[in-house]
Every structure is written in structure tokens, then in C-alpha cells.
1. Please list the non-local residues whose amide H lies under 5 Å from the amide H of Gly262, H modeled 1.01 Å from N, same-chain partners needing a gap of 5 or more.
2. Using a 7 Å offset from the Cα along the Cα-to-Cβ direction at both Val374 and Glu356, what is the distance between the two label points in nm, to one decimal?
3. Quick one: which residues, 5 or more positions from Ser395 or on another chain, have an amide H under 5 Å from its amide H? H modelled 1.01 Å from N in the peptide plane, none for Pro or chain starts.
4. Quick one: which of 152-161, 256-265 comes out on top by average Cβ neighbours within 10 Å, and what's the full order, highest first?
5. Between Ala173 and Glu119, with labels modelled 7 Å along Cα→Cβ, what's the label distance in nm to one decimal, could you check?
6. State to the nearest 20 debye the size of the charge dipole of region 58-178 about its Cα centre, where the only charges are +1 on K and R beta carbons and -1 on D and E beta carbons.
7. Please work out the Kirkwood hydrodynamic radius for the chain, using every pair of different C-alpha atoms, and report it in angstroms with one decimal place.
8. Sort 279-292, 91-104 by the packing proxy (mean of other Cβ within 10 Å over each peptide's residues), most packed first.
Amino acid sequence: MTADQGKTLEFESSGNKALDKILGGGLPKRSTMVIAGEPGSGKTVLTLQTLFHAARQGKKCLYFTTLSEPAIKVIRYMQLFDFFDVDLMHQRIVFADLGTSIREGAEKTLSEIQARVEEHQPAFVAIDSFRAISELLREDNSGRSFVYDLAVQMAGWGATTLLVGEYTRDEFADFAEFAIADGILRMGSERQELTSVREIEVLKLRGASYSSGRHYFDINRGGVLFYPRVSAPAEIESQPGAMTDKRIPTGIAGLDELLGGGVPRGSSTIVQGGTGAGKTLIGLQFLLEGAKRGERGVLFALEETPDQLRSVAQSVGWNLRELEDKGLLVIKYASPVELSTDRFLHEAMEAVRALEASRAVFDSLTTMSLGVPVERRFKEMVYSIAKHMRGAQVSLLLTVESEQLLGSAQLSGHGVSFIADNLLQLRYVEIDGRLERAISVLKARGIKHESELRSMTIGAQGVQVVKGRFKDMRGVLTGLPSRDSGR
């Protein structure tokens, strides 16, 4: 390997780990990046968030304003964000206005920029809005030559340069800054029915292995928060301990007997059944069994609120609040109406990592699908959840509601049963004019299991599974069994 072949890019952190991951490591050092997007898309917030992060690392930053917004107005709004630090404003971040220089022409503007850079020797240079410069200067045909002259100067500065501007994607070919840029980030928004979501896309980044496609982000008091698009981790099966032959009990003795001792650690299990069949209670009992063994668990609720779940658990004698206080259980509620797939997966994995959880329950996938209007996107999300949890060595249980009350039910109304390692089917059976519950194991990947249909009851001890109830009956799967007269 030659010396040149061994060289790799050096990166500057954007201040956001998720964005650095999207960029393949961060902002390449000494590169020129264009941050493009419509007004209000978050370009200025991202730029200053990056500069304040660099300033906290002891680096000098130079921020030029142009004809778009005066510095005093920018500062006034940036004070609303948590990343703003007035002390850093005086010590590490220098604001400069190019408005007067721009009106005097390209040569004066370039001279002013160069003088400021030579004076402060910054690690970062930002020009916001750069489009205001290029538009004004190209009126006298000096805009394109100005951009190329600036590119030559920037190469010698050794600074990472951010050119911020209000550009639409259709305009990229019209402005010279896109030709000289090492990287292009496009920020915008997309309408989804009655709501809209913010997106960022890396359109160009020389030499970096960035994550292509559109990624979502939010803006709150903390600044810009990014969520890399939903995807399954690579080479998940090669991670040691991702899924083992060791069984872990579900907490339901009769069910564990059907499964030959429990589910494999790190596996994913879907519990499917009609409304009121006991899916949520099975999920809770799965987490409680883990807590008894000192294993931490997370319940991701999309139907009942935490208070409702505590009340349901209390009805069968379980004290969830006690487990929460001991740090053995965390309940995370998300409204399906406001669900963002990428954000939800990101926050789910953060919750698992923060708790160092070994069990997780998602209740329910049916409700989750309400917040994901595209079926393929929903399946991608469920697949990614299962693979990420396996990679984190978390045993996963997901609930799905089936439409049928009696009779044969489909494997899944949402077509996600193939994703799970194990599939449990809950059904109702009418016996002597009463509805009773039954459970069976339809699939248990890689392990020996019983396929017998067993009776399931819900009482003071929670969920119980017993055998023998349907021994002398036929037609149980229809939901309307009859006594076998031949016995």
C-alpha cells in the first residue's frame, strides 16, 4: 500500500452524533459544504449549532451575515436554543456583516472575507446567506468568477467552510457554488396527509461513505435533532450473542412448556389475537418475569398510556410503579397519530441502551401501522426493530391484533409474521355458550415446540395456560367445537 492509498478523510463533528453517522463520520475537514434549503428549513440553526459545538472544543469560528438577516436578529433568535452560550460569542464565535461590501462589488467582498479570515484564523467559516451574494453579484456578471476566486482562497485557509442559502433543487445547476462544493446538504420538508415532516439529504460528499436517501429531523430547544432513516444493521448475525440457544421463560408456565422451556434469548416473538384476547397481559407478564430475574425491560406502548397500563396491571395484582422505581421497567408511550418511523426507532434504541434492557415489548404493531401510511415503510420498520433488538441482544415481543373473533384467523393482517422467530396465536372458542380463550404456537424458528391448542385463562395470577381442556373436542379451530362422540 502506498502512502496515498493509506490516507483517509479527517472529520469535524457537526455536534450531532446522528448527523455525523449520516455523513459517514462528520464534516470533512477543510472542505466546502453547501447547506441548501427553502426558507425556514433549519439551515441557520444547524449552521450555528455546529459552530457552537466547535467553539466548545476550543475552535475559533467566523460567521458572516449578508443581505438576508442582520447579525443582531440572528443572535436574538439563536438565544432561544440551549446550544447558545453568550460567553462563547465573545471568545470563540465572531459575527461579521458583509452587507456593505457586497454592494461595493465582488472584489471588495472577497477582500473583506479574506481580511477577516487572516485576522481570526478560524477552524470554521460560515456565510449565511451565500445565495444573497451570488445573486447580487451575478447581476454584473461577476458572480461566477467571484465563486471560483473564493474557492481558491478557501483551499488555502485550511478552514471548514459552510455556504448557506435558500436554493431549490431545480436551481442547483444555475449557481456555481454547487460545482465547487465538496459536499451538498439539502434540507426541506415533505407533507404527509395533514402533517409535514422535516428531511435532510446528502446529495454530494466527496470521499465520504455517507448514508444516501432522505433522513428525518426535528427542531426543538436543543437545536436540530436527526434520525437516520430506518434500516436494518449490517451483518447482524455475525454479532456474538445476538441470538443464542439459551431459553428464557415467558413467565407463563404452560406457554413455556409449549415452547420447550421458553423463547431463545435475543429472538423476536409476535403474539397475535383478537381484541381482549390477552396480548397486552402476556407482554406485561413477559417483562415481569424478566424483572424477577433482575433483567431490565422496556414497554413501548402505542395504545394505552402509562397510567392505563399501570391500572390494567394492578387489576391482576402487579405493581408496575414499584418496578419502575427500582429501574427494572421503563414505559415509553408514543401517540400513533404523531408517529415518525425514524424518530420512533431511534428513540426506542436509545431507551434500550440507556436502561441496558434485555427484554422489550411493543404493544401494538396494529396501532403503530396507523402512523405509517405506506405498507412497505411499515414492514421495513418492523423488520428494522427486530434486527436492531437482536443486535442489542434484547428478547423482543410484539403484539398484533387480528380481525376475526371466532374461526380461522390469518397469520397477520399486516404481513409481518415472517419477520418474527416465534409466532403465538390467541383465539376465542365458544364452549357451552361461553367464550373461552385458547393459545397455540404456530412457529418457533429453530427450536422444538408443541403445536397443541391449549386453554388460556386470565385471573388473579395473570395469564395461565393449561392443557387438556380441548382434549375430547373436535372443530376447535373453527371457534365452535363439539364433543367428539367417538371417544
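None of the figures in this text is laboratory data; all of them are computed from the coordinates on show. Please read these numbers as outputs of a predicted model, since none were measured by experiment. No Cβ is skipped: glycine too gets one built from the backbone with ideal geometry, and neighbour counts run over all protein chains shown.
1. Counting only residues 5 or more places away or on other chains, the set is empty.
2. 3.9 nm
3. Amide H to amide H, under 5 Å and 5 or more residues apart or across chains, Ser395 pairs with Gly266, Arg359, Ala360.
4. Ranking, from highest mean packing down: 256-265, 152-161.
5. Taking the two extended label points, one gets 4.1 nm.
6. Values: 12 positive and 20 negative charges, 59 e Å.
Roughly 280 debye, rounded to the nearest 20.
7. On the way: mean 1/r = 0.0386 Å⁻¹.
Hydrodynamic radius (Kirkwood, Cα only) of the chain equals 25.9 Å.
8. Values: 279-292: 23.4, 91-104: 16.4.
Result, highest mean first: 279-292, 91-104.
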